[in-house]
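The values are calculated or read from the model by the stated rules, or taken from the named source; none is laboratory data. The structure presented is a predicted model; accordingly, all values stated were derived computationally and were not measured. We place every Cβ from the backbone using ideal geometry, glycine too, and count neighbours over all the protein chains shown. For accessibility, only protein heavy atoms count, side chains too; no ligands or nucleic acids. Shrake-Rupley method; radii C 1.70, N 1.55, O 1.52, S 1.80 Å.
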Amino acid sequence: MSTIHKSPWLLHYDGSSCNGCDIEVLACTTPVYDVERFGVINTGNPMHADIFLVTGGVNSQNASVVKQIYEQMPEPKVVIAVGTCACTGGIFKECYNIKGGADTVIPVDIYVPGCAARPESIIDGVVKGVALFKEKAAKLAASEKAN
Amino acid sequence: MTVQTKVILAVCYIILAPVVIGLLDGFDRKISARMQGRKGPSVLQPFYDLKKLFEKEALCANRAQLFLIRSYLMFIMLSGVLFFAGYDLLLVVFALSTSAVFLILAATSTHSPFSSQGTHRELAQIMACEPMELLVAVGFYLATVPRTFNVEFISKSFSPNIIYLPGFFIGFVFILTIKFRKSPFDISTSHHAHQEVVKGVTAEMVGREYALVTLAEWYESAVLYGIVGLFFMSRNPFSIVYAIIAILVVWFLEIVIDNTSARVKWQLMLKLAWGVTIIAAGMNLFLLEIIRSNIR
Ligand code: SF4
């Protein structure tokens, strides 16, 4: 039986968010919401991460950074865009330097809307992400067996 | 001890050490979470983490790294086998130091800035801890009659060695905080996820490689807890109970220190570790010599 979904490690990257969503992401690790009870660890290292949490839109300066972080994460991996900015560009969408949401540079699996996204909805998104993570892991294992 | 018992003890170490230390780690995370007013993950969490790491994609920075990490694990297991089968304590300490060299080589083989920074910290940590580890072996040698480094003889001494070696014990427990990668927070690689140098020496180790390093750390912890227990072992068959109680007390103490010293930096670590080594172990060594020469 695979237990891979019981240990999802998060990497949180702040694109060009106003910090509203970041504070809510960090709130998830506080005693009130305590995401660690799902086995979640908020790691700072893309190479150890399973779930990539992006807050804020992507601008021309950090597009390459977002891409590099995504590429450094080993498979299976899941990307969650947290907040309206990360989903679509949000209120900054029309700015000259903003490309749009995170999905303009990397494939996003789950969108968590809200300005700012509430901790409850972020946890909801992470739980959905964990289910998807398990699915992707199973697929990866099957394809490895086939080869 | 017969050769058969030695082999059984060594096999027990290889099989049981990760189970016991993994569980202790799980309870550690649970208790830490409770101390912070959280619910915390399942006590089996360390095993889930390890299993997941083995299932992740293998993204090796270079082929040498995996080989070096395997050597790191092998040397730690060797030191554990030597210790639990009752061989030479000095050899155990040397095998542990040799293993650290492989970890450093593995970290530097990638040229990542975080790994390099972590390597410098790891070297500082070795400087902080190594004198105490060696002194513990010397302490046991001086305390046992007749003088010996043999773990089997030490564990069967007339009275528990803690009576002669309280200073060594304090010094050793002090460096355990560093050895278990709990405090300071900017250590070469921390068992906490977020730290100043990302993940330091383990920053570039992906999936299976990181799992092997974690496993090696569990085996190392087993040896270190074993040395803590050795202070309380004697001819009395019940002494093993005292040893286990002492290990659990030290384990709990480490959790408390971890949760109360979140902002200690490595510079302070170096000074404190040497200070405690010189004062506690040095004084103890001095007194031990005086007592011994009077008896003679
Ligand atoms: S969605 Fe709202 S709170 Fe979140 S980063 Fe954008 S503007 Fe800030």
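Checking the conditions here, which among A:MET73, A:MET47 is surrounded by 19 or more Cβ atoms within 10 Å (Cβ to Cβ), away from the ligand (no atom under 12 Å from the Cβ) and without any contact (Cβ under 8 Å) to a residue 40 or more places away in the chain?
Details: A:MET73 fails: without any contact (Cβ under 8 Å) to a residue 40 or more places away in the chain.
Every option except A:MET47 fails the conditions.
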Mind checking whether some residue in segment B:230-239 is of a type in the set (S, T, N, Q), in a helix (DSSP H, G or I) and over 21 Å from B:PHE158 (Cβ atoms)?
no
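Scan segment B:9-16 and tell me whether some residue there is within 20 Å of A:SER7 (Cβ to Cβ) and open to solvent by less than 40 Å² (accessible area, probe 1.4 Å).
Pass one, segment B:9-16, residues within 20 Å of A:SER7 (Cβ to Cβ): none.
No, because not a single residue in segment B:9-16 is within 20 Å of A:SER7 (Cβ to Cβ) and open to solvent by less than 40 Å² (accessible area, probe 1.4 Å).
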Of the candidates A:ILE110, A:ILE98, A:ILE106, the one satisfying the condition of being farther than 12 Å from A:GLY15 by Cα and in contact with a Phe, Trp or Tyr (Cβ under 9 Å, 6 or more places away or on another chain) is A:ILE106
Only residues that are of a type in the set (Val, Ile, Thr) and more than 21 Å from A:CYS115 (Cα to Cα): list them for segment A:13-50, please.
A:VAL40, A:ILE41, A:THR43
Taking B:ALA107 as meeting all but one of (1) open to solvent by 10 Å² or more (accessible area, probe 1.4 Å); (2) part of a helix (DSSP H, G or I); (3) closer than 30 Å to A:ILE4 by Cβ, write down the number of the exception.
(1)
Looking at (1) open to solvent by less than 10 Å² (accessible area, probe 1.4 Å); (2) more than 14 Å from chain B (Cβ to nearest Cβ); (3) more than 11 Å from the chain's Cα centre (by Cα); (4) not aromatic (Phe, Trp, Tyr), which one does A:ALA86 not meet, given that it meets all the others?
(3)
Going by the structure shown, is A:TYR13 more than 8 Å from every other protein chain (Cβ to nearest Cβ), within 16 Å of the ligand (Cβ to nearest atom) and within 20 Å of B:GLU204 (Cβ to Cβ)?
yes
Just to be sure before I move on: is B:GLY200 farther than 28 Å from B:GLN65 by Cα, open to solvent by less than 20 Å² (accessible area, probe 1.4 Å) and either out of contact with any Leu (no Cβ under 8 Å at 6 or more places or on another chain) or more than 14 Å from every other protein chain (Cβ to nearest Cβ) (or both) in the structure I sent?
no
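Could you pull out the residue among A:LYS139, A:LYS93, A:LYS67 that is within 11 Å of the ligand (Cβ to nearest atom), surrounded by fewer than 19 Cβ atoms within 10 Å (Cβ to Cβ) and touching a residue at least 24 places away in the same chain (Cβ under 8 Å)? Working first, answer last.
Values: A:LYS139 fails: within 11 Å of the ligand (Cβ to nearest atom); A:LYS67 fails: within 11 Å of the ligand (Cβ to nearest atom).
Result: A:LYS93 is the single residue among A:LYS139, A:LYS93, A:LYS67 that is within 11 Å of the ligand (Cβ to nearest atom), surrounded by fewer than 19 Cβ atoms within 10 Å (Cβ to Cβ) and touching a residue at least 24 places away in the same chain (Cβ under 8 Å).
Checking the condition modelled with pLDDT of 85 or more, open to solvent by less than 80 Å² (accessible area, probe 1.4 Å), touching a Leu at 6+ places or on another chain (Cβ under 9 Å) and in a helix (DSSP H, G or I), which residue from B:ALA273, B:ALA246, B:ALA280, B:ALA222 passes?
B:ALA222
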Which residue pairs have Cβ atoms under 6 Å apart, sit 6 or more places apart or on different chains, and have a first residue in segment A:16-36 that is within 11 Å of chain B (Cβ to nearest Cβ) and open to solvent by 50 Å² or more (accessible area, probe 1.4 Å) and a second that is at pLDDT 85 or above and within 14 Å of the ligand (Cβ to nearest atom)?
A:TYR33/A:PRO119
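Suppose we filter segment B:43-66 for residues that are farther than 26 Å from A:LYS139 by Cα, over 22 Å from the mean Cα position of the chain (by Cα) and open to solvent by 20 Å² or more (accessible area, probe 1.4 Å); how many remain?
Here is the first cut: in segment B:43-66, the residues farther than 26 Å from A:LYS139 by Cα are B:43, B:62-65.
Adding the requirement that they be over 22 Å from the mean Cα position of the chain (by Cα) leaves B:62-65.
Applying the additional criterion that residues be open to solvent by 20 Å² or more (accessible area, probe 1.4 Å) yields B:62-64.
Of the residues in segment B:43-66, 3 are farther than 26 Å from A:LYS139 by Cα, over 22 Å from the mean Cα position of the chain (by Cα) and open to solvent by 20 Å² or more (accessible area, probe 1.4 Å).
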Residue in segment A:126-145 that is of a type in the set (Ser, Thr, Tyr) and within 14 Å of chain B (Cβ to nearest Cβ) present:
yes
Could you please let me know if A:GLY100 is in contact with a Lys or Arg (Cβ under 9 Å, 6 or more places away or on another chain) and farther than 21 Å from A:PRO46 by Cβ?
yes
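This table checks each residue for (1) open to solvent by 40 Å² or more (accessible area, probe 1.4 Å); (2) within 16 Å of the ligand (Cβ to nearest atom).
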site	(1), (2)
A:ALA102	no, yes
A:CYS115	yes, yes
A:ARG118	yes, yes
A:VAL130	no, no
A:GLU135	yes, no
A:GLU144	yes, no
Do any strands (runs of 3 or more DSSP E) entirely within segment A:53-145 hold 3 or more residues that are touching a Gly at 6+ places or on another chain (Cβ under 9 Å) and at pLDDT below 90, and if so, which?
A:98-100
